[in-house]
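**Q** Dropping a structure here in structure tokens format, bear with me for questions.
The values are calculated or read from the model by the stated rules, or taken from the named source; none is laboratory data. These numbers come from a predicted model, not from an experiment. Reconstructed Cβ throughout: ideal geometry from the backbone, glycine too, with neighbour counts over all protein chains shown. The accessibility values were calculated without ligands, DNA or RNA, using every heavy atom of the protein model including side chains. Shrake-Rupley method; radii C 1.70, N 1.55, O 1.52, S 1.80 Å.
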Amino acid sequence: MPESPTPKKRPRHLGAWVLIAAVPAACALAFGYVGGWLAPQRLTPKRLVDQFEANAGVHPGYRRNHAKGVCVAGYFQSSGQAAPYSMAQVFASGQRTPVVGRFAIPGSNPYAPDNSVPIRSMALRFTQANGQQWRTGMNSMPVFPVATPQAFYAQLQAQQPDPATGKPDPKKVATFFAAHPETAAFRAWAKTAKPSASFATESYWSLDAFVFTGSDGLRHAVRWRMVPQSADDDSAAPAADADYLAADLRQRLSHGPLRWKLEVTLANPGDPTDDATKAWPADRQTVDAGTLVVESEQAQDSGPCRDINYDPTVLPSGIQPSDDPLLPARSAAYADSYLRRTSEEAHLPGTAALPAKAQPEARP
């Protein structure tokens with residue numbers, strides 16, 4: 001039998017060179033995937049935020065959603081009743097935690113009339129004494145229309161105004177809702193919802209579920225809502241004033257602080273934590289975690305909330321995101337919006353200089 005040919009020797013370090021070449025190639029592929037270059041149909045934060053701009057235009061320096069709002073400041077006084085369920089310092093008995101917040105209405109148009117939508121929002125940043133932060137964004141509705149980022153993107157597309165009319169095409173909107181029966185609970189709420197006359201009389205829901213962890217290591221799926229302590233006199237929204245919400249807030253605060261109770265609802269086994277379209281049964285255990293006290297308001301273009309990204313996944317020890325797919329999507333979209341508006345603000349005439357930063361606020 002003839003002898004086998006002698007194998008050629010590999011150049012020394014060839015394997016190392018292959019590895020070195022593979023690292024930047026892998027990085028390029030990773031960046032391509034994240035950026036959507038290799039999968040043009042994949043939903044990315046950029047595509048989602050671009051759709052907000054397509055629906056309402058580009059308003060430099062403003063948030064791409066909840067663009068019209070007002071800053072507020074105050075504190076949270078813990079009752080201590082949530083401390084057994086979460087080790088977060090904000091819930092420690094007797095703890096007072098400073099808060100910077102923001103009231104707003106949905107949408108990308110910072111000049112929209114306050115009565116154009118029935119939904120109001122409350123965003124808060126709690127800064128604990130240990131430096132950790134809890135940021136949350138809530139809305140005045142008990143359920144979200146859809147359960148996934150992809151469905152939310154499809155909803156935005158369906159609601160994009162027709163250039164011929166300046167309004168969404170009713171057929172496209174109807175087709176979307178027909179294809180998404182999970183929107184039924186939200187649509188039922190929306191049929192009777194009316195624009196309120198005040199931020200102060202609204203309840204605000206977290207919508208997404210989160211997970212509390214106690215000092216005993218036990219985990220509890222939760223949702224929460226802020227319940228107003230101001231009486232609702234059922235006043236109708238002023239039709240002649242497009243900016244009545246900020247004026248009402250200012251007038252109320254001139255008579256003293258405004259208060260909300262933070263009610264934390266504990267899930268039972270089997271309650272959905274990954275679907276914000278489904279409310280939990282009303283008989284679930286609820287804990288009075290404490291009182292939010294709002295003491296002052298400031299214009300959003302110069303107030304302390306201006307440069308805060310209210311990313312709901314910025315959480316202290318003792319609170320974690322659930323498996324709700326909306327949470328990472330919200331975080332990514334908020335970051336994209338933040339980078340756009342802060343880079344624009346730096347070039348707007350007459351705008352106060354921004355702090356020297358080019359990235360969203362670091363997670364504590």
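**Q** So which of A73, A83 is assigned to a strand (DSSP E or B), farther than 30 Å from P161 by Cβ and of a type in the set (A, V, I, L, M)? Working first, answer last.
**A** Details: A83 fails: assigned to a strand (DSSP E or B).
Testing whether each residue is assigned to a strand (DSSP E or B), farther than 30 Å from P161 by Cβ and of a type in the set (A, V, I, L, M) leaves just A73.
**Q** Separate question: Are any of the residues in region 60-70 among the charged types (D, E, K, R) and open to solvent by less than 20 Å² (accessible area, probe 1.4 Å)? Before the answer, list the steps.
**A** Here is the first cut: in region 60-70, the residues among the charged types (D, E, K, R) are 63-64, 68.
Now restrict to residues that are open to solvent by less than 20 Å² (accessible area, probe 1.4 Å): 64.
Yes - at least one qualifying residue is present in region 60-70.
**Q** What pairs come up if the first residue lies in region 303-331 and is open to solvent by 30 Å² or more (accessible area, probe 1.4 Å), the second is modelled with pLDDT of 95 or more and of a type in the set (D, E, K, R), and their beta carbons are under 6 Å apart, counting only those six or more places apart or on different chains?
**A** That search, which allows pairs on different chains as well, returns D323/D274.
**Q** Quick check on T175: is it touching a Ser or Thr at 6+ places or on another chain (Cβ under 6 Å) and polar (S, T, N, Q)? Let's see the steps before the verdict.
**A** Details: touching a Ser or Thr at 6+ places or on another chain (Cβ under 6 Å): no; polar (S, T, N, Q): yes.
The answer is no for T175.
**Q** May I pose another question? Restricting attention to region 250-297, which residues are under 30 Å from V72 (Cα atoms), open to solvent by 50 Å² or more (accessible area, probe 1.4 Å) and out of contact with any Ser or Thr (no Cβ under 9 Å at 6 or more places or on another chain)?
**A** Matches in region 250-297: R250, Q251, S254, H255, A279, E295.
**Q** Here's another thing I want to ask about it. Taking the residues in region 71-108 that are of a type in the set (V, I, T) and in contact with a Cys (Cβ under 9 Å, 6 or more places away or on another chain) as candidates, determine which candidate is least open to solvent (accessible area, probe 1.4 Å). Lay out the reasoning, then the answer.
**A** Kept after step one, since they are of a type in the set (V, I, T), are these residues of region 71-108: 72, 90, 97, 99-100, 105.
Then keep just the ones that are in contact with a Cys (Cβ under 9 Å, 6 or more places away or on another chain); that gives 72, 100.
Working: V72: 5, V100: 23 Å².
Per the stated criteria, the residue is V72.
**Q** Given N115, N139, which one is in contact (Cβ under 8 Å) with a residue 40 or more places away in the chain, open to solvent by less than 40 Å² (accessible area, probe 1.4 Å) and within 19 Å of D248 (Cβ to Cβ)?
**A** Working: N115 fails: open to solvent by less than 40 Å² (accessible area, probe 1.4 Å).
N139 is the lone residue from the list that is in contact (Cβ under 8 Å) with a residue 40 or more places away in the chain, open to solvent by less than 40 Å² (accessible area, probe 1.4 Å) and within 19 Å of D248 (Cβ to Cβ).
**Q** For region 222-246, which positions are in contact with a Ser or Thr (Cβ under 7 Å, 6 or more places away or on another chain), in contact (Cβ under 8 Å) with a residue 40 or more places away in the chain and either of a type in the set (F, W, Y) or open to solvent by 30 Å² or more (accessible area, probe 1.4 Å) (or both)?
**A** Listed by number, the residues that qualify are W224, R225.
**Q** Still on this structure: Does region 134-155 include one or more residues that are part of a loop (DSSP other than H, G, I, E, B), out of contact with any helix residue (DSSP H, G or I) (no Cβ under 7 Å at 6 or more places or on another chain) and modelled with pLDDT under 95?
**A** no
**Q** Here is a further query. Going by the structure shown, is S206 surrounded by 16 or more Cβ atoms within 10 Å (Cβ to Cβ), of a type in the set (S, T, N, Q), farther than 29 Å from K46 by Cβ and under 23 Å from the mean Cα position of the chain (by Cα)?
**A** Working: surrounded by 16 or more Cβ atoms within 10 Å (Cβ to Cβ): yes; of a type in the set (S, T, N, Q): yes; farther than 29 Å from K46 by Cβ: no; under 23 Å from the mean Cα position of the chain (by Cα): yes.
No.
**Q** Working carefully through the options A200, A129, A151, A123, find the one that is over 21 Å from the mean Cα position of the chain (by Cα) and not β-branched (V, I, T). Break it down stepwise before answering.
**A** Details: A200 fails: over 21 Å from the mean Cα position of the chain (by Cα); A151 fails: over 21 Å from the mean Cα position of the chain (by Cα); A123 fails: over 21 Å from the mean Cα position of the chain (by Cα).
Testing whether each residue is over 21 Å from the mean Cα position of the chain (by Cα) and not β-branched (V, I, T) leaves just A129.
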